[in-house]
1. I'd like to compare 20-32, 4-16: which one has the highest average count of other Cβ atoms within 10 Å, and what's the full order after that?
2. Of the labelled options (i) 0.89; (ii) 1.09; (iii) 1.05, which one gives Rg/Rh (Cα atoms, Kirkwood Rh) as computed for this structure?
3. Taking only C-alpha pairs under 8 Å that are 6+ residues apart, what is the relative contact order of the chain in percent?
4. Rank the residues 1, 44 as a footprinting-exposure proxy: fewest other Cβ atoms within 10 Å of their Cβ go first.
5. Nearest 500 deg cm²/dmol is fine: what mean residue ellipticity at 222 nm does the chain get from its DSSP H runs of n ≥ 4 alone, each adding -39,500 (n - 2.57), divided by its residue count?
6. Measure nothing but the geometry: give the 0 to 90° angle between the long axis through the Cα atoms of 2-28 and the longest principal axis through the Cα atoms of the chain, rounded to 10°.
7. If you line up the long axis of helix 35-58 against the longest principal axis of the chain, both from Cα atoms, how many degrees apart are they, to the nearest 10?
């Protein structure tokens, strides 16, 4: 069951990271250089935090 949690959260995090990056670009008024690296950083940070929480609460 833990694998299902990881999969669902990973899919949600992809969309959340895209939303965060899009908002940051709109606030800046331009597309960022190295957009994919920024997206990766946001996604990795969110994944590490949320996967750690999943591990903690599911055992």
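Coordinate-derived values only; no laboratory data. Quick caveat, the model's predicted, so the values are computed rather than measured. Ideal geometry is used to build each Cβ from the backbone, glycine not excepted, and the neighbour counts take in all protein chains shown.
1. Numbers: 20-32: 11.0, 4-16: 13.0.
With the highest mean Cβ count within 10 Å placed first, the list reads 4-16, 20-32.
2. Only one listed value fits the structure, namely (ii).
3. Working: 20 pairs, mean separation 29.7, N = 59.
Dividing the mean separation by the residue count of the chain yields 50 percent.
4. Values: 1 5, 44 12.
Starting with the residue having the fewest Cβ neighbours, the order is 1, 44.
5. Details: 2 runs with 51 residues, N = 59.
That comes out to -30500 deg cm²/dmol.
6. 20
7. Between helix and principal axis, roughly 20 degrees.
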